[in-house]
Amino acid sequence: MKDSLTELFRQVPDGVTVGLTTYSPAGVAVLVPAEPVNGDRREQLVKAVQGLTTTAGTNRPVFDALTLSYQHVLAGQPGSDPAPILMAITDGGRSGGADLATFVTFAKAETAKRARSATPRFVGITPGADMTLLNQVVDAVGGRAVAAGTPSQLHDAILTLP
């Protein structure tokens, strides 16, 4: 995952807005705020990705992270074109924080405020076995979910975003 995200961030053109939000049993955090990429920001993103770790625990507030990410990706983007992409890389599990219905209500309310072309495109990528949750998100807010069970599949999923 780190290698694939690093490659993606190194390839993204200058001026494209990118941010990085994480979640763990400790909570949700914006590691890199959503701002246009340039040379310094690119390195900040790469360093943040290289510092990512996995954390064991039962509280995995995935919908809190998605809600915060939606807020950040939409901030200052009232009519952006093309539409922003919200990419979530997750094992698909959730056991803490907001639930699917709360997230969907929030996402639909935010979408209703914007032109159709500015609706975030959701891409959920799971290296774990649980596609059910991501498919429920996709069914509710649109986008696609990708099962990426191997490093190669994860790499391909990240680098072939819509």
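Screening ALA98, ALA83, ALA88, ALA34 for residues that are at pLDDT 75 or above, touching a helix residue (DSSP H, G or I) at 6+ places or on another chain (Cβ under 8 Å) and in a loop (DSSP other than H, G, I, E, B) leaves exactly one candidate, ALA98.
Yes/no per residue for (1) in contact (Cβ under 8 Å) with a residue 12 or more places away in the chain; (2) farther than 21 Å from ALA148 by Cβ; (3) within 17 Å of the chain's Cα centre (by Cα):
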site	(1), (2), (3)
ASP3	yes, no, yes
PRO13	yes, yes, no
THR17	yes, yes, yes
TYR23	yes, no, yes
VAL30	yes, yes, yes
ARG41	yes, yes, no
LEU52	yes, no, yes
THR55	yes, no, no
PHE63	yes, no, yes
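Within the group GLY57, GLY51, GLY19, which residue is at pLDDT 80 or above and loosely packed, with under 15 Cβ neighbours inside 10 Å? Just a single option satisfies the conditions, and that option is GLY51.
Return yes when TYR70 is modelled with pLDDT under 85 and either touching a His at 6+ places or on another chain (Cβ under 6 Å) or part of a strand (DSSP E or B) (or both) and no when it is not.
Working: modelled with pLDDT under 85: yes; either touching a His at 6+ places or on another chain (Cβ under 6 Å) or part of a strand (DSSP E or B) (or both): no.
Here the answer is no, as TYR70 does not meet what is asked.
Can you find a residue in the range 117-126 that is at pLDDT below 70 and open to solvent by 60 Å² or more (accessible area, probe 1.4 Å)? Within the range 117-126, one or more residues are at pLDDT below 70 and open to solvent by 60 Å² or more (accessible area, probe 1.4 Å).
The values are calculated or read from the model by the stated rules, or taken from the named source; none is laboratory data. The model shown is predicted, which means the values in this text are computed figures rather than measured ones. Glycine gets a Cβ as well: all are built from the backbone with ideal geometry, and neighbour counts include every protein chain shown. Remember, those area values only see protein heavy atoms, side chains included, never the ligands or the DNA or RNA. Shrake-Rupley method; radii C 1.70, N 1.55, O 1.52, S 1.80 Å.
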